[in-house]
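Here's the structure we're looking at; comments come further down.
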Amino acid sequence: MLTLKNSVTINQPPEVVFEWFTHFCENYTSWHQDHIIAKWIRGKDFEKGSILYAEEYLNGKLEKLSFEITRFTKGELIEYKLLFPHSIISPGGAFYVEPLGDNRCLFTATLSFRFGCLFSKIAKKRIASLRIHMKEEGENLKSILENSNINSL
């Protein structure tokens, strides 16, 4: 199994990060320039069993993705699994928020892939694009949350 991981320190408490995620569909396009749309197909706000549909460009190719929320702990964790056909290669990922004190937290995104060594060899360009995309999402989230009026989120 190959797991991509990106972490960024955000100078806001975990509650602010999760408040932003509470409005995920509205905030999705501002998170990354390659994000097109996100909408809840079933459920809402990262409740266990909810299904989120999202479209985004990755390396110039439009990706249409569906995610099922498998675990949610407010202020700490959002875990999801990708649905078919993407689930064949990627079982899922997570967003973790760890308090660091002094109104700061560590935001970590992970995304796992089956066939780790094989996938790494045959999909080098895709993995490189995903690493860049995840890094940009972390940096963008940090910028959004540190430079926004928190009350307007």
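Selection of the stretch 7-21 for residues being part of a strand (DSSP E or B) and over 15 Å from ILE78 (Cα atoms) yields VAL8, THR9, ILE10. Please specify each residue of the stretch 13-30 satisfying the condition of being in contact with a strand residue (DSSP E or B) (Cβ under 9 Å, 6 or more places away or on another chain) and among the hydrophobic types (A, V, I, L, M, F, W, C). Listed by number, the residues that qualify are VAL16, VAL17, PHE18, PHE21, PHE24, CYS25. The sole residue among LYS125, LYS142 that is surrounded by 14 or more Cβ atoms within 10 Å (Cβ to Cβ) and either modelled with pLDDT under 95 or more than 19 Å from LEU62 (Cα to Cα) (or both) is LYS142. So, in the stretch 66-82, of the ones that are out of contact with any Leu (no Cβ under 8 Å at 6 or more places or on another chain) and of a type outside the set (Lys, Arg), which residue ends up farthest from GLN12 (Cα to Cα)? Filtering first and then ranking leaves THR70.
Residues of the stretch 64-97 that are touching an Asp or Glu at 6+ places or on another chain (Cβ under 7 Å), at pLDDT 95 or above and either among the charged types (D, E, K, R) or not in a strand (DSSP E or B) (or both): LYS64, ARG71, LYS81, LEU83.
Of the residues making up the stretch 22-41, those that are more than 20 Å from PHE72 (Cβ to Cβ) and in contact (Cβ under 8 Å) with a residue 24 or more places away in the chain are SER30, HIS32, ASP34, ILE36. Of the residues making up the stretch 107-119, those that are surrounded by fewer than 15 Cβ atoms within 10 Å (Cβ to Cβ) and touching a strand residue (DSSP E or B) at 6+ places or on another chain (Cβ under 6 Å) number 1.
Take the conditions under 20 Å from LYS5 (Cα atoms), touching a residue at least 24 places away in the same chain (Cβ under 8 Å) and of a type in the set (Val, Ile, Thr) and apply them to ILE89. Does it pass? Here the answer is yes, as ILE89 does meet what is asked.
Restricting attention to the stretch 1-60, the residues being of a type in the set (S, T, N, Q), under 21 Å from PRO99 (Cα atoms) and crowded, with 17+ Cβ neighbours inside 10 Å number 2.
Contact map, the stretch 61-79: first residue among the hydrophobic types (A, V, I, L, M, F, W, C), second residue surrounded by 14 or more Cβ atoms within 10 Å (Cβ to Cβ) and assigned to a loop (DSSP other than H, G, I, E, B), Cβ cut-off under 6 Å, separation 6 or more or different chains; pairs are ILE69/PHE46; ILE69/SER50; PHE72/PHE46; ILE78/PHE46. Taken together, LEU4, LEU62, LEU52, LEU58 contain a single residue that is of a type outside the set (Lys, Arg) and more than 24 Å from LYS125 (Cβ to Cβ), which is LEU52.
The values are calculated or read from the model by the stated rules, or taken from the named source; none is laboratory data. Just so you know, these numbers come straight off a predicted model, no measurement behind them. Positions of Cβ are generated from backbone atoms using ideal geometry, with glycine treated the same way; all protein chains shown enter the neighbour counts.
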